Structures are given as C-alpha cells and as structure tokens.
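Below is one structure, written out as structure tokens; comments come after it.
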Amino acid sequence: MAARVLVGVKRVIDYAVKIRVKPDNTGVVTDGVKHSMNPFCEIAVEEAVRLKEKKLVKEVVAVSCGPQQVQETIRTALAMGADRGIHVEVSGKDYDTLGPLQVSKILAALAKKEEASLVILGKQAIDDDCNQTGQMTAALLDWPQGTFASEVTIDGDKIKVIREIDGGLETIKINMPAVVTADLRLNTPRYATLPNIMKAKKKKIASVKPGELGVDLTSRLEVLRVEEPAQRQAGVKVETVEDLVGKLKEAGRI
Amino acid sequence: MMAAPFSRIFGKVGRQLSKPWAPCQAAGRSISSRTVEVEQTAPAGSGFPPLQTFSEEETMMRDAVKKYAQERIAPFVSKMDENSSMDDEVISSLFEQGLMGIEIGTEYGGTGSTFFSSILVIEELAKVDPSVAVLCDIQNTLINTLMSKLGTEEQKEKYLPRLATDMIGSFCLSEAGSGSDAFSLKTKAEKQNDYYIINGSKMWISNAENAGVFLVMANADTSAGYRGITCFLVDRGTEGLQIGKKENKLGLRASSTCTLSFDNVKVHEKNILGKLGQGYKYAIGMLNEGRIGIAAQMLGLAQGCFDHAVPYTRQRVQFGKRIFDFQGMQHQIANVATQLEAARLLTYNAARLKEAGRPFIKEACMAKYYAAEVATVTTSKCIEWMGGVGFTKDYPIEKFYRDCKIGTIYEGTSNIQLSTIAKFLDQEYDS
C-alpha cells in the first residue's frame with residue numbers, strides 16, 4: 001500500500017479576478033489582489049484525500065513554494081483533509097523568477113526525502129499555464145507519469161490512469177512510485193467544512209529552505225516584457241461570397 | 001456547569017455581568033489567544049488593528065461560506081422564495097458544512113469556533129439569502145447558546161450533538177397578545193407532580209416548520225408575574241403540541257413562521273432549561289446576543305443587494321455614458337456605501353465587545369437598529385438604480401427589498417432598540 005502522497009499546491013491570483021498588467025510591463029499586478037489555490041491543485045488535493053479515505057494511502061502531505069502567504073494555501077489543503085503541510089520558503093526576487101524547473105527540482109527532492117510513493121499535481125497553473133512541473137518532476141525522479149488524468153485507480157503497486165488526450169481518452173498502467181497530474185474532470189473538490197477548518201489549525205506545517213534540499217533556484221529564463229493581448233478589432237459582415245473573396249483579396253490574404 | 005445569569009435585569013440599573021469567555025481587560029482590546037492577522041499587510045507596531053481585522057480562522061471560514069453560499073444556496077433562492085419553503089437540500093448542506101453548530105464544542109460534534117465566526121457566517125449567508133441566514137442565526141445565537149449556557153450535562157448531551165448535526169431548534173416567546181411586551185405572555189405551565197402541563201399558544205415562531213425541538217417560554221407561576229416565566233424544552237411530536245399554519249409573508253418567505261398551540265402538553269420538570277422562573281432573564285440575555293446576529297443578517301442583506309446593483313450601474317449606458325458616471329448617481333451610491341460601512345463597523349465592534357467580555361448591550365442595540373435602517377435604505381435605492389429591471393422578479397433586487405423590512409421589526413423592534421439605548425444613555429450621565 002502506498003504510504004505517502006505528496007500534493008503540490010500553488011497560490012495563484014483567483015480565477016475570478018480581472019488581471020491587470022503593471023504599468024512598467026514587467027508583470028501583472030499582485031498587490032492587494034485576491035489569491036486562492038490553483039483550481040487544478042484543488043482537484044489534486046481532493047484526489048489524494050479520496051485515496052486516503054479509501055485507505056489506499058496512509059498520509060497526504062501538502063507542499064507549496066513561496067513566501068509567508070502560501071501558508072494560507074497549505075491550510076486550505078489541510079482543511080480539505082491533507083494530514084500535514086510543508087512550506088518551502090521562497091521570497092523576493094527568487095519568488096518572482098520561480099518556475100516549473102525549480103519547483104520540480106524541489107518536489108523531486110521532497111519526494112525522495114519524504115519517501116513518497118505518489119506525487120499528485122494539478123496539470124497546470126492558471127497564471128502561467130506552463131503544464132511542465134508534473135512532467136519535469138517525473139523526469140528528475142525517473143518515475144513514470146500519468147498526466148491529464150481524468151480517472152486514477154490504484155491496483156496493488158500499479159496505477160491505472162485514464163488520460164484526456166486530443167483524440168479522446170487513453171488508458172495507461174504505470175508502476176509506483178509515480179507522478180500524476182490532475183485534469184478538470186478527475187473529480188469535484190469538496191468544500192472545506194467549518195469543522196475541518198478548525199481541525200486544520202492543529203495540523204502541522206513544517207518550513208524548509210530550498211538550500212536545505214540542495215536546490216539551486218537560479219532561473220534560466222528572463223521575462224523581457226508582459227503585455228495585454230491586442231484589442232480585438234471589430235469584424236466586418238459581408239452579404240455575398242463575391243464580397244468575401246473581394247475583401248480577402250483586398251487584405252492580401254489570397 | 002450552570003452559567004450565572006449574565007444579563008442585565010430588566011428595569012434595574014446595572015452593567016451587564018457577562019461571563020467573559022476571553023480574559024477581561026480594563027483598557028484596549030482583548031482579543032486574547034487568537035492570532036489576529038491583518039487582512040491587508042499592516043505596518044509593524046500597529047497595536048490596535050482596524051475593526052476589519054480577522055484571524056486566519058475567521059478569514060478561512062468566511063471564504064469557505066462565501067463559496068458554499070454562491071454554489072449551493074444561490075441556485076435555490078428564488079424557488080424557495082416563490083414556494084415559501086426552505087429546501088431540504090439547503091438545510092442538510094448547512095448542517096454538513098458545520099454551519100449550524102458553530103460555537104458548539106467539538107466534544108458535542110460541533111465546530112468549536114467563536115461568536116465572531118458566527119457573525120461572519122451569517123453575514124455571508126445573508127448576502128445570498130437572508131432567509132437561510134436567519135435560520136442559521138437563530139440556531140447559533142439563540143438555541144445553541146441557551147442550550148450550551150444553561151443546559152444540564154444530561155440536556156446538553158441529548159440536544160447539542162443533534163443541534164450540531166441534524167436538528168433545528170425554535171425559540172418560542174411571542175404570542176398573539178405579546179410581542180414587544182414579551183413578559184405579558186399568557187402561555188401557562190401548571191405543575192402536576194413531576195410534570196408541567198403547558199397550555200396556550202405562540203405566534204410568529206421562526207423555523208417552526210422544520211424544528212425538532214422547541215424552547216418554549218411559559219409562565220409557571222402567574223402570581224409572580226414575569227418572574228414565573230420559565231423555559232421548557234419541548235420535543236416535536238409531544239402530544240398536544242400543534243404546529244399551526246405558516247404565515248404568507250412579504251419577505252423572508254423561505255423561513256417558516258408559524259403559530260403553535262399547546263393543548264395540555266405534558267413535559268417533565270427535567271425539561272426545564274435553566275432555573276424555574278428565570279426564563280425572562282434568559283430571554284433578554286439571549287436576545288442581546290441575537291441582536292448582533294440580526295445586525296449581521298441585515299448587513300449581509302444590504303451588501304448583497306448593493307453588490308448586485310452597482311455592477312449594473314457600471315454597465316448600463318444612457319446618454320452616452322455609464323449611469324454610474326452621473327454625479328447624481330455617484331453621490332447616492334457613495335452615500336449608501338458609507339452607511340453600509342458604518343453599519344458594518346457597529347456590528348463588528350458589538351461582536352468584538354461581546355467576545356471580550358465587555359459591556360455590549362447598548363452597542364448591540366445600535367448595531368441592530370442601524371443595520372436594519374441601512375438595509376431598508378440600501379435596498380430601496382438599489383431598486384431605483386436598477387430602474388425597471390430592479391422592479392422585476394428576474395433580478396434578485398426586489399427580493400432583498402421585501403426581505404429587509406422585517407429587520408426593523410423582529411428580535412426587538414427599532415423602537416424598543418431606541419428605548420434601550422436611551423436607558424443606557426440616561427445611566428451614563430448619572431454622575
């Protein structure tokens with residue numbers, strides 16, 4: 001039986017907030033903006049907690065990388081049913097440049113340290129849409145990966161993952177230990193009930209520094225500029241096919 | 001453990017002898033062992049944080065309830081209003097979320113949280129449906145509190161776990177002939193050996209349709225006047241207890257409001273909650289706290305209504321600009337927003353005072369009175385700002401307008417609140 005599941009949770013700008021680009025075009029405005037747990041991470045936590053309720057795993061550990069505020073995100077995971085949390089302290093410039101490569105190095109190190117047999121992540125974060133961390137983590141650990149999971153079943157020491165792919169659904173069977181990334185239809189995350197929020201207060205969140213895990217946070221990427229998408233221009237309606245062809249020729253498209 | 005009567009005895013001079021649940025301090029705020037984290041980052045050394053400062057627990061609760069109310073109550077609101085009935089699914093999800101036993105200890109299956117958390121919960125629920133908020137408010141601030149503070153160990157073990165998980169309670173004080181003049185109630189309880197026989201009727205009883213237990217105020221000794229009023233626990237289904245017709249109301253329609261009749265209802269004297277003849281004290285004490293809950297409800301109602309109307313004014317364009325951009329509109333909107341903020345601060349402050357074990361009755365009256373008035377003004381203005389659509393049932397605004405009116409009436413009419421405030425003011429100037 002899989003002993004321990006590591007679940008990564010990311011604190012992102014809430015999905016309902018209207019994003020604004022900073023006047024200096026170096027990024028988006030985050031000060032004073034509502035943040036919450038990445039929706040795909042919620043689905044990942046839910047799946048891990050369900051596995052524990054089915055007694056297929058013994059412990060769920062929620063991990064988040066970032067400054068002090070990410071502890072709120074970890075607490076939400078605890079309120080959903082995770083057993084304990086790990087806060088990897090990253091702040092300032094390091095946090096601004098924190099990306100999938102560094103996070104996956106951190107998660108790989110933690111997975112080894114915590115002797116996890118399963119790492120569940122959201123398929124991507126809604127702020128950068130990278131869709132890389134799960135895959136990179138698996139590669140660093142040399143573990144199998146089941147990404148875009150819409151169904152996960154543990155069968156002994158193997159996992160059956162049904163993946164959502166362009167052509168439909170693909171079913172694979174992978175050995176544990178493994179990395180799984182959650183897609184939208186994997187489950188519907190539960191609400192943190194008030195009694196569970198109270199219980200979460202007593203659960204432990206340990207703090208650790210990336211250096212202690214032997215991870216170098218230097219980024220290989222440099223953000224040059226952040227811009228809003230160009231304003232959509234109004235379209236033009238035409239009456240006949242001839243008009244359409246005429247307009248396309250005018251625009252130099254044909 | 002019997003709590004000492006903690007309310008000011010009606011008519012007598014005295015500061016409230018409230019049992020401090022947090023250590024009482026002479027000066028400054030005492031928000032004892034809870035970590036108070038500021039909502040926005042506060043400058044270091046701000047020893048007196050603003051009123052809108054919540055502990056991490058309170059913030060998590062509020063966010064959880066906000067999400068839950070939007071997703072699991074909002075879809076039912078209009079249907080419940082139309083049918084004048086609370087959906088079973090809504091009631092069961094309220095229990096499931098732990099919202100019906102917020103202050104009940106975990107040893108009884110409750111949530112084990114604080115009074116202020118209840119206030120935030122009620123406010124968030126009211127933003128979506130004030131009827132659901134009042135169900136939650138009565139359960140938490142009246143029923144659960146009475147039971148926790150006055151119940152014998154046996155009573156607590158019998159009722160608290162049920163109140164936290166699946167049973168609604170109902171508080172029965174008012175009668176056809178006694179509303180504001182509560183102590184002139186006529187329902188009698190006559191002693192017969194180990195039992196009391198209750199006869200009479202009650203009116204305007206909220207939650208009655210779904211309640212499993214009724215806290216009935218009846219007079220066990222009419223010769224003593226109001227000092228005979230006693231609180232009896234009457235289970236649903238007790239012979240002689242009839243739940244009468246549901247009122248067809250202007251607002252808060254999903255909250256059942258019924259008449260009750262007691263025809264030789266026999267209850268054992270073990271079913272007395274607290275002490276014989278002390279019921280009047282308990283009622284007053286409870287209503288002092290309940291008042292803050294109602295203030296929170298009216299506040300949420302007004303805010304919820306406002307939050308629907310303002311986005312509309314920012315979208316609706318007339319004469320080439322958003323109606324929000326007309327100065328006349330801006331002034332009205334800003335005016336209402338200011339009143340909302342004032343109502344919020346009155347409510348939060350009254351709640352924090354109560355938690356700190358400090359006198360809070362005057363502030364609670366002010367909060368309830370003001371929040372109800374603000375709700376009336378806000379909802380009325382919101383309909384105007386929305387124009388024709390505000391007047392139709394397709395939009396939620398008109399429901400808020402209908403729901404707000406009860407705020408100035410129940411749990412102590414505005415006039416009663418004002419008279420109580422005046423009494424305190426009078427004492428304050430006694431040199």
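The values are calculated or read from the model by the stated rules, or taken from the named source; none is laboratory data. Everything quoted here is computed from the prediction, not taken from an experiment. Positions of Cβ are generated from backbone atoms using ideal geometry, with glycine treated the same way; all protein chains shown enter the neighbour counts.
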> When the residues of region A:161-203 are filtered to those that are within 21 Å of A:Leu141 (Cα to Cα) and in contact with a helix residue (DSSP H, G or I) (Cβ under 9 Å, 6 or more places away or on another chain), which remaining residue is nearest to the other protein chains (Cβ to nearest Cβ)?
Replying inline: A:Ala182
>> Looking at A:Val57 and the list (1) within 14 Å of chain B (Cβ to nearest Cβ); (2) touching a residue at least 60 places away in the same chain (Cβ under 8 Å); (3) more than 15 Å from the chain's Cα centre (by Cα), which single condition is not satisfied?
In response: (1)
> Conditions: (1) under 16 Å from the mean Cα position of the chain (by Cα); (2) at pLDDT 95 or above. A:Arg84 meets all but one. Number of the miss?
Replying inline: (1)
>> Please pick out the residue among A:Val215, A:Val245, A:Val238 that is modelled with pLDDT under 90, over 30 Å from A:Lys18 (Cβ atoms) and away from chain B (no Cβ under 14 Å).
In response: A:Val238
>> So, in region A:228-254, how many residues would count as being in a loop (DSSP other than H, G, I, E, B) and without any contact (Cβ under 8 Å) to a residue 60 or more places away in the chain?
In response: 16
> If you go through region B:101-121, how many residues are touching a Ser or Thr at 6+ places or on another chain (Cβ under 8 Å) and among the aliphatic types (A, V, I, L, M)?
Replying inline: 3
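Only helices (runs of 4 or more DSSP H) wholly contained in region A:77-190 count here; list those with 1 or more residues that are surrounded by 23 or more Cβ atoms within 10 Å (Cβ to Cβ).
Working: elements: A:93-96, A:100-113, A:133-141.
Here the list reads A:100-113, A:133-141.
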> For region B:328-348, how many residues meet the condition of being among the hydrophobic types (A, V, I, L, M, F, W, C) and touching an Asp or Glu at 6+ places or on another chain (Cβ under 9 Å)?
Replying inline: 2
> Which of (1) under 29 Å from A:Lys199 (Cβ atoms); (2) at pLDDT 95 or above; (3) among the hydroxyl-bearing types (Ser, Thr, Tyr) is the odd one out, the single condition A:Ser104 does not satisfy?
Replying inline: (1)
>> Checking the structure you have, find out if any residue of region B:232-242 is touching a helix residue (DSSP H, G or I) at 6+ places or on another chain (Cβ under 6 Å) and at pLDDT 95 or above.
In response: yes
>> All but one of (1) surrounded by 22 or more Cβ atoms within 10 Å (Cβ to Cβ); (2) free of Cβ contacts under 8 Å to residues at least 40 places away in the same chain hold for A:Gln68; state the number of the condition that does not hold.
In response: (1)
>> Just to verify a result, which residue in region B:91-103, among those that are over 12 Å from B:Leu125 (Cβ atoms) and within 13 Å of chain A (Cβ to nearest Cβ), is surrounded by the fewest Cβ atoms within 10 Å (Cβ to Cβ)?
In response: B:Ser92
> Would you say B:Met286 is hydrophobic (A, V, I, L, M, F, W, C), surrounded by 22 or more Cβ atoms within 10 Å (Cβ to Cβ) and modelled with pLDDT of 95 or more?
Replying inline: no
>> Tell me whether region B:271-287 contains one or more residues that are under 22 Å from the mean Cα position of the chain (by Cα) and of a type in the set (Ser, Thr, Tyr).
In response: yes
> Going by the conditions given, is B:Lys67 more than 10 Å from chain A (Cβ to nearest Cβ), surrounded by fewer than 22 Cβ atoms within 10 Å (Cβ to Cβ) and either touching a residue at least 24 places away in the same chain (Cβ under 8 Å) or not hydroxyl-bearing (Ser, Thr, Tyr) (or both)?
Replying inline: no
>> Quick check on B:Leu125: is it more than 11 Å from every other protein chain (Cβ to nearest Cβ) and touching a strand residue (DSSP E or B) at 6+ places or on another chain (Cβ under 6 Å)?
In response: no
> Going by the structure shown, is B:Thr106 surrounded by fewer than 17 Cβ atoms within 10 Å (Cβ to Cβ) and within 8 Å of chain A (Cβ to nearest Cβ)?
Replying inline: yes
>> When you scan region B:73-90, do you find a residue that is at the interface with chain A (Cβ under 10 Å from one of its Cβ atoms) and surrounded by fewer than 21 Cβ atoms within 10 Å (Cβ to Cβ), even just one?
In response: no
> Would you say A:Glu164 is within 15 Å of A:Leu51 (Cα to Cα), of a type in the set (Asp, Glu) and under 21 Å from the mean Cα position of the chain (by Cα)?
Replying inline: no
>> What's the number of the only condition in (1) assigned to a helix (DSSP H, G or I); (2) at pLDDT below 95 that A:Lys55 fails to meet?
In response: (1)
